[in-house]
Each structure stands twice: as structure tokens, then as C-alpha cells.
Amino acid sequence: MLVLGIETSCDETGVAVYDSGRGLLAHALHSQVALHDAYGGVVPELASRDHIRRLLPLVREVLHKAGAKESDLEAVAYTQGPGLAGALLVGAAVANSLAFGLGVRAIGVHHLEGHLLSPLLEKKAPSFPFVALLVSGGHTQLMRVAGVGHYEMLGETLDDAAGEAFDKTAKLIGLGYPGGPALAKLAERGRADRFAFPRPMLEQLEKSGDLNFSFSGLKTAVVVLTRTRALDEQTRSDVAAAFQEAVADVLVAKSLAALRRTGLSRLVVAGGVGANVRLRALLDAAASRDKFSVFYPAMEFCTDNGAMIALAGCLRLKIAKTARALPLGFTVRPRWALADVAA
Ligand code: KG4
Ligand code: ZN
């Protein structure tokens, strides 16, 4: 079964072809980082327009790389939400038109479901059930995943997402957009123990087993510090390292608690912050110490991409109980809780 996947929820145009038997055949990505850089963040209207420009050429390129024709496709999967409404509409319109023209199914995929299933693209893939730590620019969630569509929320952020905290802190120390990767790079030259930043919600974990997160206090601690000190190069690196250490410590502690609570021994990490090398090192160390397995997508599939959408679409198609009619209309869901995704 050959599925085309289309991702346009934010500032990346991602396209991929996934085969249920052979796995990922081809993928391509166009990042809009350069386009939004001058504005210090994503400008939604510019994002939509760029998706319009890029999407069809990328679809042609990926089909060519996969050695497939449009008529070989059995379904077209696309990110239906959550995300920027205009950006989502571009992917949804192209996917539904293509599917309608080909007489195949269009499958609206939840963006976070794409992220959390993305480690299944790897050769060393986790089997169900597992605990998923989803850490992206918009979400920070711990979930018990029993199978495709069976997601039980264990904890989530009460304010900023982990990626958002990285991006905001990066801005405070003079780094551009998107700040996460730049901050991580700067942190390599810093000393994590020079500043003692708070580990938000760790006390609650000890007291009541609360698996929720909160990162806005940590961001405020960085604001206070940067206002009271000259930010020379070494200080910026030290702030970056100390901040990264605080976020990673909290993510690791809560992930371990989620494993203990569920009695599971497999942890899946997905989303853009899952590309953070320090977080991966701390999780790997904990995994060998506490005897659990940890699974990550390849670095390039941590951030937004078409491959995870093609894969999720393919898995959704397999479990679809009844064949629905071919699409004649569609809608996007800019705000969409993963808990509302039915199995
Ligand atoms: O999953 P993603 O591509 O988009 C969303 O669905 O939000 O995640 C993007 C987020 C951004 O906040 C970015 O700064 C962060 O992931 N990120 C990182 C790293 N790479 C990307 N944060 C920390 N360290 C990284 N290496
Ligand atoms: Zn994402």
C-alpha cells in the first residue's frame, strides 16, 4: 500500500511516500527558516503562501525519487491539525484534490500522532505499548500509547511548551529564530553549573506524583538573570547550558516517573526537542542505569516532516474499520486535542 504524506502545519513543507511493505521510499522537506528569520518568528500569511509555492513541485520530486506514479498511490495523508489554519488549508486542499482526482482516500492526520508514531520509521522500532514523551514547539506531553489511536494522557505542560521555552530563552540571549538548535549549539561551550535555574514541577512530582510540566518560571529566571548581568560570550553560553540542563532534568525525571507509574519499559521520544543531544545523552544514561529501552526518530524526523504523516496515514488506513466515501469536502482543525482522536 503506497501512501503519499503531506505536512504543512507550520513553517516546513514536508512530503513523503511510504509503502506498507517496504517502508519509507522517499521524502523531501522545504524549511521556511530563512523566510521568517527577519521577523523573529513564523508569519502565518507568509507561511501559507510559501506552502502554495513549494508543495506541488515537492510532490513531483518525491514521487520521482520513489520511482512511483500518482496512479500508484492508494491514499493521500495530510496534516489536518493542529497548526496554522492557512498553512493547514494548503496541504488539505492539495491532498483532497489529488485524492479526489485519483479516486483514492484522503486521510486527515493529527500532527502529534505523526510525531509520536515517528520512531516506527526506524529499523529499531518500538512495539506497543510504550510511554511517549512528545516535546515540540507547541506541545509537551507524556502519554501511554497502547496502539494506534489509543493514547492516554499522563501529563502535559501547564504553560509554555519545552520547544517554546527554548525559543524564548534563545531570543533573550540574542539568538535568532528558531532558537532551540542555536541554543543547544551555544550550550556546548557553556558550563551548566554556573547558574542554578529552577527545575519546575519536580517538587510536585515528589509530593504528589504530578506528571505535568511548567516552563514559564524557568524562562522568568532567565529574564531576571539576563537583566542583571552583562551578557558576554561566556555568560551567554553558560546561561544556555544551565537552561538546557534544567529542561532536560525535568523531562528525564518525569519520563522515568511515567515509566514507573505505567510499569512499562519502553520510552519513545518525539518532536523537535527530541533532537536535543543533551536530552538524549541523559535519557540514554538513565535507560542503561534503570534498564529500560529508549527509542528516537532519526534526527531529521524529530522536527516536522512528511514521512511521519505518510506513516501515520498508512497505519490509520490499516485500522480503518469501514471504507468511507471518497472526499467531496474537507476541513482543517487548527485546535485539536490528541485525546479527541478516535482509535
Ligand atoms: O516538532 P517541531 O518541528 O514543531 C512543532 O510541531 O512544534 O518542533 C520545533 C521545536 C522548536 O521549538 C525548536 O526550537 C525545537 O523544536 N528544537 C530544539 C532542537 N531542535 C529543534 N530544541 C532544543 N534542542 C534542539 N536540538
Ligand atoms: Zn511538529
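No value in this document is a laboratory result; all are computed from the given coordinates. Just so it is clear, the structure is predicted and the values come from calculations on it, not from any experiment. Ideal geometry is used to build each Cβ from the backbone, glycine not excepted, and the neighbour counts take in all protein chains shown.
Using only the Cα atoms of the stretch 60-113, construct the convex hull and provide its projected area averaged over every direction, in square nanometres to one decimal.
4.0
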> If only Cα atoms are counted, what is the Rg of the stretch 76-154, and what is its Dmax, in Å?
Replying inline: 14.5, 42
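Which translational diffusion coefficient, to the nearest whole µm²/s, is obtained for the stretch 228-299 from the Stokes-Einstein equation, given a Kirkwood hydrodynamic radius over C-alpha pairs, 20 °C and 1.002 mPa s? List each step's numbers first, then the result.
On the way: Rh = 13.5 Å.
After rounding, the answer is 159 µm²/s.
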> Give or take rounding to whole Å, what are the principal axis extents of the alpha carbon atoms in the stretch 127-296, in descending order?
Replying inline: 49, 28, 27
> Between ALA165, ALA66, ALA241, which gets the highest mean-square fluctuation from a Gaussian network model of the chain, Cα cutoff 10 Å?
Replying inline: ALA66
> Sorted by packing (mean other beta-carbon atoms within 10 Å per residue), highest first, where do 10-20, 96-106 land?
Replying inline: 10-20, 96-106
> Arranged by the count of other C-beta atoms within 10 angstrom, fewest first, what order do VAL223, VAL76 take?
Replying inline: VAL223, VAL76
>> Less than 14 Å from a label point 7 Å out along the Cα-to-Cβ axis of ARG229: which backbone N atoms in the stretch 243-282 qualify, by residue?
In response: 243-246
> Against the longest principal axis of the chain, how steep is helix 233-262, in degrees 0 to 90 to the nearest 10, with axes from Cα atoms?
Replying inline: 70
> In debye to the nearest 20, how big a dipole does the chain give about its Cα centre with +1 on each Lys and Arg Cβ and -1 on each Asp and Glu Cβ?
Replying inline: 500
>> With 10 angstrom as the radius, rank LEU218, LEU88 by how many other C-beta atoms surround their C-beta, starting from the fewest.
In response: LEU218, LEU88
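Rounded, prolate or oblate for the stretch 1-136? Axes are the square roots of the Cα gyration tensor eigenvalues, ordered a ≥ b ≥ c, and the cut-off for rounded is a/c under 1.5.
Taking the square roots of the gyration eigenvalues as a ≥ b ≥ c, the stretch 1-136 is oblate.
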>> Report for the chain the percent antiparallel among DSSP-assigned beta bridges with both residues inside it, nearest 5.
In response: 60
>> Suppose R0 equals 30 Å. What FRET efficiency, 1/(1 + (r/R0)^6) with r the Cβ-Cβ distance, do LYS123 and ASP193 give to the nearest 0.05?
In response: 0.20
> Taking Cα atoms, how many degrees apart are the long axis of helix 44-66 and the longest axis of the chain, rounded to 10 and kept between 0 and 90?
Replying inline: 60
> Non-local amide H neighbours of PHE295 (under 5 Å, H modeled in plane, Pro and chain starts lacking H): which ones?
Replying inline: LEU267, VAL268, VAL269
>> If I fit a long axis through the Cα atoms of helix 277-290 and take the longest principal axis of the Cα atoms of the chain, what angle between them do I get, 0 to 90°, rounded to 10?
In response: 80
> Counting Lys +1, Arg +1, Asp -1, Glu -1, what net charge surrounds THR13 among other residues with beta carbon under 14 Å of its beta carbon?
Replying inline: -2
>> Given a 10 angstrom Cα cut-off, can you work out which residue in SER255, SER48, SER288 is the most mobile in a GNM of the chain?
In response: SER288
> When the C-alpha atoms of the chain are aligned to their principal axes, what extent does each axis show, in angstrom, from largest down?
Replying inline: 61, 47, 31
>> With a 10 Å cut-off between alpha carbons and a GNM built on the chain, which of LYS185, LYS318, LYS219 moves the most?
In response: LYS318
> Short version: ³J(HN,Hα) in whole Hz for each residue of the stretch 196-206, in order, from phi by Karplus 6.51 cos²θ - 1.76 cosθ + 1.60 (θ = phi - 60°), x for Gly and Pro, what are they?
Replying inline: 9, 7, x, 9, x, 6, 6, 4, 4, 4, 5
